[in-house]
1. Can you pull out the residues in segment 231-290 that are hydroxyl-bearing (S, T, Y), modelled with pLDDT of 80 or more and crowded, with 16+ Cβ neighbours inside 10 Å?
2. Could you grab me the full set of residues in segment 166-184 that are surrounded by 13 or more Cβ atoms within 10 Å (Cβ to Cβ) and either of a type in the set (G, A, S) or not in a helix (DSSP H, G or I) (or both)?
3. Do we find a residue being among the aromatic types (F, W, Y), under 20 Å from the mean Cα position of the chain (by Cα), assigned to a helix (DSSP H, G or I) and surrounded by fewer than 16 Cβ atoms within 10 Å (Cβ to Cβ) anywhere in segment 116-138?
4. Which residues, taken from segment 31-81, are without any contact (Cβ under 8 Å) to a residue 40 or more places away in the chain, touching a Ser or Thr at 6+ places or on another chain (Cβ under 8 Å) and under 12 Å from Y255 (Cα atoms)?
5. Filter segment 219-244 for residues that are outside any helix (DSSP H, G or I) and touching a helix residue (DSSP H, G or I) at 6+ places or on another chain (Cβ under 8 Å) and give the result.
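The values are calculated or read from the model by the stated rules, or taken from the named source; none is laboratory data. These numbers come from a predicted model, not from an experiment. In this analysis, Cβ positions are derived from the backbone assuming ideal geometry, glycine residues included, and neighbour counts consider all displayed protein chains.
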Amino acid sequence: METSRNPRGVTARPIGARVKSVVKHIVLIGLSAIMIYPLIWLVVSSMKPNSEIFTNLTIFTTDLSLDNYTQGWDSLMYPFHVYLINSSILVLGAIIGNLISCSLAAYAFARLEFRGRNLAFAAMLGTLLLPFHVVLVPQFILFRELGWLDTFLPLVVPKFLATEAFFIFLMVQFIRSLPNELYEAARIDGAGHIRQFVQVTLPLMVPALATTTIFTFIWTWADFFGPLIYLRSPENFVVPQALNMFIDGQSTSNYGAMFAMSVVSLLPMFIAFLIGQKFLVKGFAKSGIK
């Protein structure tokens, strides 16, 4: 069946193809609505009275107010901005640590020739299969002996020791995709590995560094298990621990305030992903990870 042409010579799409495209977009919009509905319900519920949150599960309501936000901000032992600041400090330390240590380790695996490199790289990748809970007890004992409990050190210092194998692998793949001619020209100019790393590699691997930054931000900001193990004083709690404090098993839980502060805590992650989504695509595309 030949496609018809309009008077201007533009090929017209067959009716069947247009119908198929419309149906596909309707299905995609429906699936998107299903996926985003819990988030919409969370936002709407954060503005409902506690008595209506679980009695009226729809998002269609007229009794909305911002009282949960004002109440939730000051209803815990400390104002909620204290926990936001703690999470920000923890996230900043984790990001700096991962960027420095993982980029250095990736450059070593990708550009340096040393004995046992392939074995070390395989062992590093093998740690991706190692559950976090396997090393939890030895790490806890080590940090306890160092006197680091109830501080951010157990959650930040390991980031400076290149413990994130996923980011190292991502950067290794990215560095290996860079043209060798760039490094040959740098060597001809007398550049050693330090200059090659700083002046050649780092400027070109911005997408990989941005990807590492975004994922480190999201994973660290949303982490509940690690801070639960090492942080004990309420003034050191981070956002996930603060949200957990709204749930009281012995008395009435303030779900409205918890939902309101959950929306507040989601905003930084949403903004980070919105700003860095193009770098995520570039980072994975150029690293060869599908």
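1. Y255, S262, S265
2. Within segment 166-184, S177, L178 qualify.
3. Of the residues in segment 116-138, the ones among the aromatic types (F, W, Y) are 121, 132.
From what's left, under 20 Å from the mean Cα position of the chain (by Cα): 132.
Adding the requirement that they be assigned to a helix (DSSP H, G or I) leaves 132.
Okay, now just the ones that are also surrounded by fewer than 16 Cβ atoms within 10 Å (Cβ to Cβ), so 132.
So far as segment 116-138 goes, yes, one or more of its residues are among the aromatic types (F, W, Y), under 20 Å from the mean Cα position of the chain (by Cα), assigned to a helix (DSSP H, G or I) and surrounded by fewer than 16 Cβ atoms within 10 Å (Cβ to Cβ).
4. E52
5. Matches in segment 219-244: A222, D223, F224, L231, F237, V238.
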